[in-house]
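I have placed the structure first, in the form of structure tokens, so that the comments after it can refer back to it.
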Amino acid sequence: MIKAAITAVGGYVPDYILTNEELSTMVDTNDEWITSRTGIKERRILKEEGKALSDMCVEAVNQILKKKNISAEEIDMIIVGTITGDYAFPSTANVICDKIGAKNAWGYDLSAACSGFLYGLSTGAQFIETGKYKKVIVIGGDKMSSIIDYTRRETCIIFGDGAGAVLLEPTMEDVGIKDFLLKSDGAGRNYLYTPAGGSLLPTSHETVDARQHFVHQDGQMVYKFAVKGMADVSAEILERNKLTGDDITWLVPHQANKRIIDATAQRVGIPEQKVMMNIERYGNTTGGTIPLLLWDYESKLKKGDNLIISAFGGGFTWGSIYLKWAY
Ligand code: UT7
């Protein structure tokens, strides 16, 4: 049976570093509060005018093309998990195809907030497993600074900008994506969302004055659901694949809050040294966290390693993927 395997990883974070110290000069906060409540020390911000999500994605995809020595024309498809596309439409996938010269590819953006990369990876894998395509690029990324209110300390300390990408290719070996378990519950939609700018509340002077074009989050409520959702789904995917924490080489958790990550790892019995973490440097890049972890840890990964990827985010959306590393 054909399996879909990740065969390369690329990533990009902007150069500008927004530290907890700098945030303390913008809102009423401090390094001690942010570090102890979230684990975040700094995040990257895409400051250059005229630069958008697609520019970060292009950097990540070009790294993959270079590493694998393949041309953009060989790509069959691009899927982008994001909530901060260049435009409401057309899709950022479309823009990326044009910018890199992927003339034979098509694709789309997928909106699942922090679970965007998981949804995208599961979706992209289907096109490989059916035998339809040979090279699918799945990207997760966000320019969160474009929708964050830097006068609100509850949200501006958490988020950052960045994008990562993976190449999916077919394999007949016992590696690649083994299982996915994805969930959503729209009843949670008003706990973490951007109120205006959609068809429910189109942008107007009033919505801008009321700052409704920025992310609104009920942090405590999301925290409660995230701790339970991410731990439950990780435990469930282990159980149904007859695995325990001992069988797992790496837990790859969405980077929203170190306390949520610790709770998930503890629940599934995975010790801290087997948990990928870079929240202290990048904060929460929404769709970007998971591919950026794979990018940062790529040199430590070995063929056959068992990875559990888990995320929880706005929507609510959440899920887990079990995969065996392929190289
Ligand atoms: O990736 C998408 C999914 N998102 C998440 O998973 C985020 C989940 N939520 C969280 O991570 C946490 O709820 C936050 C990090 C957002 C907030 O941490 P918390 O421990 O839940 O804080 P809180 O909202 O309960 O606020 C505690 C106190 C409040 O003051 P009072 O009312 O006790 O006087 C807040 O006003 O901390 C205050 N506070 C701050 N103080 C300093 C809130 N934000 C800040 C801040 N600096 N940045």
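To keep it simple, each residue is scored yes or no on (1) farther than 29 Å from residue 64 by Cα; (2) of a type in the set (Gly, Ala, Ser); (3) touching a Pro at 6+ places or on another chain (Cβ under 9 Å).
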position: 3; (1), (2), (3): no, no, yes
position: 8; (1), (2), (3): no, yes, no
position: 14; (1), (2), (3): no, no, no
position: 17; (1), (2), (3): no, no, no
position: 27; (1), (2), (3): yes, no, no
position: 36; (1), (2), (3): yes, yes, no
position: 39; (1), (2), (3): yes, yes, no
task = Scan the range 186-205 residue by residue and report those that are of a type in the set (A, V, I, L, M) and within 14 Å of the ligand (Cβ to nearest atom).
result = 192
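Looking for something free of Cβ contacts under 8 Å to residues at least 60 places away in the same chain, part of a helix (DSSP H, G or I) and open to solvent by less than 50 Å² (accessible area, probe 1.4 Å) - is there at least one such residue anywhere in the range 70-84?
Yes, the conditions are met somewhere in the range 70-84.
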request  = Under 9 Å between Cβ atoms, at least 6 apart or on separate chains: pull out the pairs that start in the range 214-236 with a residue that is closer than 25 Å to residue 197 by Cα and in a strand (DSSP E or B) and end on any residue that is more than 9 Å from the ligand (Cβ to nearest atom) and of a type in the set (D, E, K, R).
outcome  = 216/149
Residue ranges of strands (runs of 3 or more DSSP E) in the range 127-185 with at least 3 members closer than 22 Å to residue 92 by Cβ and away from the ligand (no atom under 16 Å from the Cβ) = 136-143, 161-171
task = Within the range 188-197, track down each residue that is open to solvent by 60 Å² or more (accessible area, probe 1.4 Å) and in contact (Cβ under 8 Å) with a residue 60 or more places away in the chain.
result = 189, 191, 193
Residue 208 being surrounded by 13 or more Cβ atoms within 10 Å (Cβ to Cβ) and over 22 Å from the mean Cα position of the chain (by Cα) = yes
key: Pair list, Cβ < 9 Å and 6+ apart or interchain, from the range 112-124 residues that are under 13 Å from residue 288 (Cβ atoms) and hydroxyl-bearing (Ser, Thr, Tyr) to residues that are in a helix (DSSP H, G or I) and within 12 Å of the ligand (Cβ to nearest atom)   = 115/287
inquiry  = Of everything in the range 284-305, what is open to solvent by less than 20 Å² (accessible area, probe 1.4 Å) and of a type outside the set (Gly, Ala, Ser)? Give them in sequence order.
reply    = 284, 285, 286, 289, 290, 291, 292, 293, 294, 301, 305
message = From the list 267, 281, exactly one residue is part of a helix (DSSP H, G or I), at pLDDT below 95, open to solvent by 10 Å² or more (accessible area, probe 1.4 Å) and away from the ligand (no atom under 11 Å from the Cβ). Which is it?
response = 267
key: residue 37 vs. criteria within 16 Å of the ligand (Cβ to nearest atom), of a type outside the set (Phe, Trp, Tyr), at negative phi and part of a strand (DSSP E or B)   = no
inquiry  = I'm trying to understand the selection: among the residues of the range 237-253, which are part of a helix (DSSP H, G or I) and open to solvent by less than 20 Å² (accessible area, probe 1.4 Å)?
reply    = 237, 238, 245
inquiry  = For the range 93-116, check the following and say yes or no: at least one residue is within 14 Å of the chain's Cα centre (by Cα) and assigned to a strand (DSSP E or B).
reply    = yes
task = Determine if the range 46-58 includes at least one residue that is open to solvent by 10 Å² or more (accessible area, probe 1.4 Å), of a type outside the set (A, V, I, L, M, F, W, C) and part of a helix (DSSP H, G or I).
result = yes
key: Selection status of residue 178, free of Cβ contacts under 8 Å to residues at least 24 places away in the same chain and closer than 22 Å to residue 117 by Cα   = no
query = Quick check, is residue 308 more than 15 Å from the ligand (Cβ to nearest atom), modelled with pLDDT of 95 or more and crowded, with 24+ Cβ neighbours inside 10 Å?
reply = yes
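The values are calculated or read from the model by the stated rules, or taken from the named source; none is laboratory data. Predicted model, so just to flag it, every value in this text is computed and none were measured. So basically every Cβ, Gly included, is an ideal-geometry build from the backbone, and we count neighbours across all protein chains shown. Protein only, heavy atoms only, side chains kept; ligands, DNA and RNA dropped before computing areas. Shrake-Rupley method; radii C 1.70, N 1.55, O 1.52, S 1.80 Å.
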